[in-house]
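The values are calculated or read from the model by the stated rules, or taken from the named source; none is laboratory data. Values in this document were obtained by computation on a predicted structure and should not be read as measured data. Quick reminder, even Gly has a Cβ in these numbers, built from the backbone with ideal geometry, and neighbours come from all protein chains shown. Please note that ligands, DNA and RNA were not included when accessible areas were found on the heavy atoms of the full protein model with its side chains. Shrake-Rupley method; radii C 1.70, N 1.55, O 1.52, S 1.80 Å.
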Amino acid sequence: MIKKKWKDRIPSLLFFLFLLGMWQFLTITAQIPLWILPTPFQIAQALWETRQLLWMHTLTTLLETTVGFLLAVIFSLITAGIMVLSPWIKRLIYPFLIISQTVPLIAIAPLLILWLGYGLTPKIIIIIIVCFFPITISLIEGLELTDRDLLNLLKSMGATRWQVFYIVRWPHALPSFFSGLKIAATYSVMGAVIGEWLGSSSGLGVYLTRSSHSFLTDRVFAAIFTITLLSFVYFTLISALARIALPWIAKDPDDNLN
């Protein structure tokens with residue numbers, strides 16, 4: 001199964017290498033200045049030359065993202081559970097969840113920095129705001145899409161709300177829950193970078209801003225590469241946890257034919 005997955009990714013990898021080759025060829029042929037568009041080789045060189053500085057900023061972003069993401073998961077579990085078990089609370093809170101996503105993050109972040117300073121706290125809150133909605137909505141929908149026959153069966157056997165929730169609703173909601181986690185995992189790094197970009201002393205957002213203001217475009221691309229890689233790492237970790245928690249879904253259907 002693992003070999004098959006790697007074989008399926010070979011075409012994408014080859015296409016990616018082709019795009020890098022075309023990028024390198026066209027920028028050299030057109031003699032595009034470094035400060036406008038560096039070549040992939042120049043970006044790789046910038047990554048290597050600034051690896052220690054880049055790693056220092058990455059650690060700050062990594063700390064903010066991890067703490068904010070974990071807190072968002074905890075708050076989402078509590079909120080979704082309460083809203084599903086209590087419909088009137090859902091009717092009360094659900095509209096505010098929708099409204100919270102209509103306010104641009106770029107407008108909220110400066111206020112948080114103004115109120116809470118330039119430390120880690122406003123960045124963590126920004127990440128919670130970014131991650132909370134997709135996790136909560138996905139989990140609520142998963143909990144509410146439980147098979148009604150199973151719910152009626154447990155209720156006829158005298159099961160309490162919490163027993164129904166634990167035995168039936170929660171296992172059925174896990175696929176939706178992990179889908180929300182995957183979306184939030186990619187958004188979390190973006191939220192941290194936006195918070196750092198608006199005001200911070202360290203982090204990939206700070207590195208990105210300083211490089212941009214200095215017209216060090218190769219370092220800008222190096223920062224973008226690092227941000228993308230960090231988001232991919234979070235996504236991969238969530239996917240691995242999903243395969244462990246949901247082996248029946250992660251299993252390849254073709255394996256049954258062998």
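Tabulated data
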| quantity | calculated |
| --- | --- |
| Estimated FRET transfer efficiency (D8, F225; beta-carbon r; R0 30 Å; 0.05) | 0.80 |
| Gyration tensor (alpha-carbon) shape descriptor, segment 123-258, a/c threshold 1.5 | oblate |
| Pairwise Lys count, the chain - Cα closer than 27 Å, eight or more residues apart or different chains | 12 |
| Cα-based Rg of the chain normalised by 2.2 N^0.38 Å, two decimals | 1.24 |
| Computed lengthening from T121 to N152, 0.36 nm per intervening residue step minus Cα-Cα distance | 6.7 nm |
| Relative contact order (percent, whole number), the chain, Cα cutoff 8 Å, 6+ residue spacing | 25 percent |
| Global form of segment 51-141, assessed from the alpha-carbon gyration tensor, a/c cut-off 1.5 | prolate |
| Where the chain is the region considered: accessible area per residue in Å², 1.4 Å probe | 60 Å² |
| Computed [θ] at 222 nm, deg cm²/dmol, the chain (DSSP H ≥ 4; -39,500 (n - 2.57); rounded to nearest 500) | -27500 deg cm²/dmol |
| With every protein chain in place, the chain: carbon and sulfur % of accessible area (1.4 Å) | 72 percent |
| The chain: most fluctuating residue of G203, G158, G21 per GNM, C-alpha cutoff 10 Å | G158 |
| Mean separation of Cα contacts under 8 Å, 6 or more apart, over the residue count of segment 72-146: relative contact order % | 57 percent |
| Helix 217-245 vs. the chain, principal-axis angle (Cα, 0 to 90°, nearest 10) | 20 degrees |
| R0 of 22 Å, Cβ-Cβ distance F16-I106: FRET efficiency to nearest 0.05 | 0.10 |
| Candidates L53, L77, L120, ranked by Gaussian network fluctuation over the chain, Cα under 10 Å, top entry | L53 |
| Amide H contacts of T146 (H built 1.01 Å from N, under 5 Å, at least 5 apart or other chain) | none |
